[in-house]
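What follows draws every value from the coordinates through simple rules; no lab data is involved. Computed from a predicted model, the values in this text were never measured in an experiment. Note: ideal-geometry Cβ built from the backbone for every residue, glycine included; neighbour counts use all protein chains shown.
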Amino acid sequence: MRARNFVPLIPFALSILAVRDASGQDGCRGWEGDRQNRRHCEEREERIAVPSGGLVVDGRTNGGVEVIGERRSDVLIVARVVGTARTMDRAEEIARAVRIRTSGGRISAEGPRQGADREWWSVTYEIRVPAQIDLDLTAQNGGLAVEGVTGDMRLETLNGGIHLLGVGGDVRAETRNGGLHIELLGSTWSGRGLDAITRNGGVRLLIPPDYSAQLETGTTNGGIDIDFPVTVRGRIGRRITTELGRGGPLIRAITTNGGVDVRRG
């Protein structure tokens, strides 16, 4: 998942909130809805100080979270808020009633009660953080993505995929219904290692040619495809453990129901 480029902002000690005009934002294009359901979308920006205890993001019932590590000294939050209703006026009213909470390094949204007369709202987050930070991300119906961050991470979603690009640290990721897409960078893992699990979804793992690590992968119900030779410890079956290069931290990516695809890339 590649993020859009934003103009760097000067950090402030206090948070600043700005609501973007939905009509002019790429992130809100295509959210007008159909004849039965109208959707109003708006993007809100807020900057906060880097929390000393790490960043906690709760995607709540509907909404995904994307976190991008950069050279910066603050946290930039872009929240895409969508309200859905039978009319555009009502959809806008619902979206405007949603509040983004950011106190104490915890990010979440609160809004009107959902489910009545096809009315609902969602918030999707794109968050830019320093490259070294601890993360605790959760969602119920949305994907999680982290790029370019090293730290202690706990990532969990119920219905959504998990995408990791160039991360490091002590990373534990789990989804029940969604795939794992993991792209490693450099020559070895920086930190303790990766433990990623999905119950229902495939695993796609991209590994640089000269990467060193302990690799464990497998599936209970599905095939395994590795496009380069490996030396397997123990029996060849639905769980593979092998040493890449000179070895190193454990990279573990497991699925119960789904295929496994490991590629040099």
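Near the amide H of residue 250, within less than 5 Å, lie the amide hydrogens of 194, 214, all on another chain or at least 5 residues away, with H placed in the peptide plane. With the simple spin-label model, which puts each label point 7 Å out from Cα in the Cβ direction, the residue 220 to residue 96 separation comes to 5.0 nm.
Across the stretch 143-265, the relative contact order, built from alpha-carbon pairs under 8 Å that are at least six residues apart, equals 25 percent. This model, with +1 at the C-beta of Lys and Arg and -1 at the C-beta of Asp and Glu, gives the stretch 143-265 a dipole about its Cα centre of some 380 debye.
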